[in-house]
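Below is one structure, written out as structure tokens; the observations come after it.
The values are calculated or read from the model by the stated rules, or taken from the named source; none is laboratory data. Values in this document were obtained by computation on a predicted structure and should not be read as measured data. In this analysis, Cβ positions are derived from the backbone assuming ideal geometry, glycine residues included, and neighbour counts consider all displayed protein chains.
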Amino acid sequence: MGTRRVTMRDVAKASGVSSATVSFVLNNVTEQHISPATRERVEAAARDLGYVPHAIAKALREGTSRIVLLALPQGIRGPGLDAYTRGLDDELARHGHVLLVRHGSSLHGTLASVVATVSPRAVIDLTGLYRAEADEPGAASTPVTSNDGGWVDGLAAHTLVQLRHLVDAGHASIAMALPDDAGWARLATVRLHFTREAAARLGIAEPPTLTVPGDAASAWRVVRDFRRDHPEVTAVAAFDDAVAMHLLSVLHELSITVPSELAVIGFDAVEYGSYATPALTSVHIDARSYGERAARTVLGLEPPAEPPTVATVIVRESA
């Protein structure tokens, strides 16, 4: 049997005042004159008893929900997204709000139906953050972004950091390794678009693409054939660390030495990248700070004074 929830009546009894006075103090009602000593006594009793305001009652008083809905595309995952979600969740909690995460799926109904059900204060829809104009009938295939920060501190800038590391190391012919996973198709299209733009900015040829299948046998054949068809390529910028480490394994099977014959750099800096052979060089993004900024934005608060930092490269052995 669960522990009984502490109520305002409990706080009133412990502090020796009326429930109305407790309500005035804990809800910071400024129209009522409460002496500093009484206010301090009520607040101390609430702390000692572990009183937590009832979220539903508070929402009714304020006329708004204290839920923020984060809508994610089905199948999207990774440490960057995890860190973003933690930053978002923690910052919302600091301001008395709750994060509800919804992974997109037709089984769960449309996003509109979820919004109608929970009536959130705000919706952060990452399913629509990156989309291709090709989604619209008759449109071109150039991807566009929304609220990304672009070449300042967004995905485009992070992609440029990845490619610049290879260029600074002397590589002039760089390939882009993509996942063979439909769940990543839209984001992969955007990343490829930014990689091509970054290559143009850095003055190197447009990167050829290498889609790495999930099963080992197919991946072995694809990478073998790619090496045969593109002997000029000396480095690979991977879509993420999972693709990069899968590629490292295949290159080992093909007896291709990394990085002397082919350098490989990942993206998203998973912790276990350091255990790869050779240890994986990767791009780290301070995604948590982006989550914190997003929380403050949807709550109408001033963003942190420090702007988010552009991605940094964690240099290991593979590139």
query: Since residue 251 meets every condition but one in (1) in a helix (DSSP H, G or I); (2) free of Cβ contacts under 8 Å to residues at least 24 places away in the same chain, which condition does it not meet?
result: (2)
field: the stretch 211-229, residues that are out of contact with any strand residue (DSSP E or B) (no Cβ under 6 Å at 6 or more places or on another chain) and within 17 Å of residue 261 (Cβ to Cβ)
entry: 220, 223, 224, 225, 227, 228, 229
message: Scan the stretch 299-319 and tell me whether some residue there is assigned by TED's automatic domain parsing to the domain that holds residue 175, of a type outside the set (Phe, Trp, Tyr) and part of a helix (DSSP H, G or I).
response: no
Leading residue by the ranking (surrounded by the most Cβ atoms within 10 Å (Cβ to Cβ)) among those in the stretch 226-252 that are of a type in the set (A, V, I, L, M, F, W, C) and under 16 Å from residue 205 (Cβ atoms): 236
message: Give me the residue from the stretch 263-285 that is out of contact with any Asp or Glu (no Cβ under 9 Å at 6 or more places or on another chain) and not acidic (Asp, Glu) and, out of that set, surrounded by the fewest Cβ atoms within 10 Å (Cβ to Cβ).
response: 275
- prompt: Of 96, 63, 87, which residue is modelled with pLDDT of 85 or more and more than 30 Å from residue 189 (Cα to Cα)?
  reply: 96
message: Looking only at the stretch 187-211, count every residue that is free of Cβ contacts under 8 Å to residues at least 12 places away in the same chain and either touching a Lys or Arg at 6+ places or on another chain (Cβ under 9 Å) or β-branched (Val, Ile, Thr) (or both) and tell me the total.
response: 1
